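Student: Just dropping this structure here.
The values are calculated or read from the model by the stated rules, or taken from the named source; none is laboratory data. If you're wondering where the values come from, they're calculated on a predicted model, not measured in any experiment. Counting neighbours? That spans all protein chains shown, and the Cβs are built from the backbone with ideal geometry, glycine included. The area values use the complete protein model at the heavy-atom level, side chains included, leaving out ligands, DNA and RNA. Shrake-Rupley method; radii C 1.70, N 1.55, O 1.52, S 1.80 Å.
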Amino acid sequence: GMIAVDVVTLEEIAKVLKVSPSQLLSSTDEKNVNEYQKGEFLDRQYMYAYDGRSNKVLKSVIERYKLPDTEEHGIQMFYDVKDLQNPGDCKALYAGINKKYQFVENYILQNQHNPIEHTSICCINSLHRTTRKMGMITGLSYKTMLPTAMKIMISSTVVKENEELVESLKLTKEDIRISKKYNLYTIDQFME
């Protein structure tokens, strides 16, 4: 507590200790971690994002549960899994709620090991009947503990990891043009 540690130093310490930088900043106060009650299991969704730092597709598993007396669903997100069949082997575990409106679906989550880290996902549902939707995840990066936003795809079925998937997750020239013009990042692509 005598010196302030910059992000680069924090990452170096975490690498030596073989832990996430967010774990070094987490509180051990159990009262800070939200307790989300699970209800009846509804479904499993798969979230994909492209990490340009490691040049790989990040895969996550979202499990949804029915909550009594509400239109919201309880959710657990196993973030950055190695294998979709074993979601417990993940980089971070989040819990929260999910609510679907006509064209928009929102996910509000909190990291279950680091209560200072919250994340939000917003997806646009296509007018076409499809198992996939594009959206954005925002919050603190569990790797750098800096605010980030990433383009994501959520699917009700497992998506084959190929060049088409990678291209759909990368920022396009049009995304960058719109971001520069309006000084904001938006998703205007829909899955057909």
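Student: Write out, first by first residue and then by second, each pair whose Cβ atoms fall under 8 Å of each other, whose residues are 6+ apart or on separate chains, and whose first residue, in segment 64-86, is closer than 20 Å to I137 by Cβ and outside any strand (DSSP E or B) while the second is charged (D, E, K, R) and modelled with pLDDT under 90.
Tutor: Close Cβ pairs (under 8 Å, with a partner that is charged (D, E, K, R) and modelled with pLDDT under 90) amount to K82/D89.
Student: Does M136 meet the test of being within 30 Å of T9 (Cβ to Cβ) and buried (at least 17 other Cβ atoms within 10 Å of the Cβ)?
Tutor: Yes; evaluated as a whole, the condition is true for this residue.
Student: Among the numbered criteria (1) within 21 Å of I116 (Cβ to Cβ); (2) at pLDDT 85 or above; (3) open to solvent by 90 Å² or more (accessible area, probe 1.4 Å), which one does P68 miss?
Tutor: Result: P68 fails condition (1) only.
Student: Sticking with this structure for a sec: For segment 54-65, which positions are surrounded by fewer than 21 Cβ atoms within 10 Å (Cβ to Cβ) and small (G, A, S)?
Tutor: Within segment 54-65, S54 is the sole residue that qualifies.
Student: Which residue out of T119, T131 is surrounded by fewer than 16 Cβ atoms within 10 Å (Cβ to Cβ) and not aromatic (F, W, Y)?
Tutor: T131
Student: Here's something else I'd like to know. Exactly one of these conditions fails for S179: (1) loosely packed, with under 14 Cβ neighbours inside 10 Å; (2) of a type in the set (S, T, Y); (3) under 14 Å from the mean Cα position of the chain (by Cα). Give me its number.
Tutor: All conditions are met except number (3).
Student: Could you tell me whether any residue of segment 93-108 is in contact with a Ser or Thr (Cβ under 7 Å, 6 or more places away or on another chain), over 17 Å from Y50 (Cβ atoms) and open to solvent by 70 Å² or more (accessible area, probe 1.4 Å)?
Tutor: yes
Student: Could you say which residue among K143, K151, K170 is among the basic types (K, R), out of contact with any Cys (no Cβ under 7 Å at 6 or more places or on another chain) and modelled with pLDDT under 90?
Tutor: Every option except K143 fails the conditions.
Student: Condition check: within 30 Å of K15 (Cα to Cα) and open to solvent by 50 Å² or more (accessible area, probe 1.4 Å). Does N86 satisfy that?
Tutor: It is true that N86 is within 30 Å of K15 (Cα to Cα) and open to solvent by 50 Å² or more (accessible area, probe 1.4 Å).
Student: Determine which member of the set L93, L171 is of a type in the set (A, V, I, L, M, F, W, C) and in contact with a Lys or Arg (Cβ under 9 Å, 6 or more places away or on another chain).
Tutor: Checking each option against the conditions leaves just L171.
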